[in-house]
Amino acid sequence: MSTILVTGGTGYIGSHTCVELIKAGYDVVVLDNLYNSSEAVLDRIEMISGTKPKFYKTDILDKQGLKKVFDENKIDAVIHFAGYKAVGESVQIPLTYYENNISGSVNLYEAMAAAGCKTLVFSSSATVYGSPKSVPIREDFPTSTTNPYGSTKLMNEHILADVCVSDPEWSVLLLRYFNPIGAHQSGLIGEVPNGIPNNLVPYIARVANGTLEYLRVWGNDYPTVDGTGVRDYIHVVDLALGHIKAVEYAMNHKGAEYINLGTGNGYSVLEVLHAYEKACGRKLAYKIMDRRPGDIATCYADTEKAAKLLGWKAKYNIDDMCRDSWNFTLKNPDGIK
Ligand code: NAD
Ligand code: UD1
């Protein structure tokens, strides 16, 4: 069976993807510097899947460390999750973001090329669509970014497109995620945000468990169903399953492809809050605040390309996502240790 290197494999999306890779019969090697995750995640992956992936505590900025991973393993394909992801922070410390997300990624691609491994799945983001003119958003819509984090995603897309032009042996899938939320149904792995969360569902989870008092709703004067922002929330397990299909596709086709991973459905902030109330069984407080700078009104995916190329479609709904988020929150009050 093929061996897949998962960078950022102890992180939120990476850990769920490792579980699904192992279930699909792949050998998994995880590389992570544990900047935003814990080694205990590997035990959780084993508890769910029956296999503990081989682990390298390595930084993608460390070229020798990368070489060692490729020297010691015959890697057939790489899924590259490792990176920094906080939009606000990227505005404060852009160079740190460019160094980690661009220089680190280029190191990885160089190590892959040197080892003759030219099959890659890259974590991009719907943030590369900037302020889309219409919804649903198709992959051929124009791209632009409004913050350094988004720029690192778009630059990686450009770098990888250039690599594919320069060498037709490369196969690269650029997956543009919409808003991943939820957790594994077991409650053993999920998202553990650092500090006070910026993203909606991790914040609501803290209101639900009483560590935060109320949700601040960033604006209710958008042209949407109830005036609050609309997003395409996708269950992290669906997203992980999308990666299995993406790896299979990449191993059988050459060149670069851009693919949205979303559900195609949009939910407003208040609709998500109400779904979470159902999941946790009580009313949750909220206050309407001013709009958050940089936010857009509505964002959801056109999912046809993923269905056609990968044969993949999300199957979990917003109630499933909130139920699994709440289950994980209840079971892991101190995160994953
Ligand atoms: P995460 O922070 O949970 O996982 C990222 C992992 O990468 C962490 O375990 C961290 O320790 C590791 N890492 C960071 N820098 C590293 C380095 N230099 N060397 C080695 N390891 C390093 O984040 P996530 O939510 O699982 O996101 C995974 C990827 O998906 C990221 O690239 C992110 O930008 C992208 N993405 C995430 C979202 C989202 O909402 N979560 C949306 C779109 C795209
Ligand atoms: C944000 C990032 C985006 C990144 C994505 C996934 C910004 C501007 N965009 O997207 O680049 O790819 O996360 O990590 O930061 N909301 C509230 N109160 C809150 C939090 C959020 O009302 O406390 C609202 C927002 O205004 C938005 C929706 O909930 O309408 C979703 O917000 P969020 O979870 O932060 O995701 P995005 O803004 O879509």
Any hit, the range 263-279, residues being surrounded by fewer than 20 Cβ atoms within 10 Å (Cβ to Cβ), modelled with pLDDT of 95 or more and within 13 Å of ligand 2 (Cβ to nearest atom): yes
Leading residue by the ranking (nearest to ligand 2 (Cβ to nearest atom)) among those in the range 160-199 that are under 20 Å from Ser125 (Cβ atoms) and part of a helix (DSSP H, G or I): Leu160
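Could you say which residue among Met321, Met289 is surrounded by fewer than 20 Cβ atoms within 10 Å (Cβ to Cβ) and either charged (D, E, K, R) or within 16 Å of ligand 2 (Cβ to nearest atom) (or both)?
Numbers: Met321 fails: surrounded by fewer than 20 Cβ atoms within 10 Å (Cβ to Cβ).
Residue meeting the stated conditions: Met289.
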Count - residues of the range 6-27 that are under 18 Å from Ile75 (Cβ atoms) and buried (at least 24 other Cβ atoms within 10 Å of the Cβ): 9
Residue in the range 293-310 that is in contact with a helix residue (DSSP H, G or I) (Cβ under 7 Å, 6 or more places away or on another chain), among the aromatic types (Phe, Trp, Tyr) and modelled with pLDDT of 95 or more present: no
Residues that are within 16 Å of ligand 2 (Cβ to nearest atom) and among the polar types (S, T, N, Q), drawn from the range 62-99: Ser90, Gln92
Failed item in (1) surrounded by fewer than 22 Cβ atoms within 10 Å (Cβ to Cβ); (2) over 20 Å from Ile318 (Cα atoms); (3) in contact with a helix residue (DSSP H, G or I) (Cβ under 7 Å, 6 or more places away or on another chain), with His158 passing the rest: (3)
Subset of the range 139-153 [surrounded by fewer than 20 Cβ atoms within 10 Å (Cβ to Cβ) and not polar (S, T, N, Q)]: Glu139, Asp140, Phe141, Pro142
Breaking point among (1) within 16 Å of ligand 2 (Cβ to nearest atom); (2) assigned to a strand (DSSP E or B), for Tyr149: (2)
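The values are calculated or read from the model by the stated rules, or taken from the named source; none is laboratory data. Note that the structure is a prediction, hence the values are computed from the model and not measured. Positions of Cβ are backbone-derived with ideal geometry, glycine not excepted, and every protein chain shown enters the neighbour counts.
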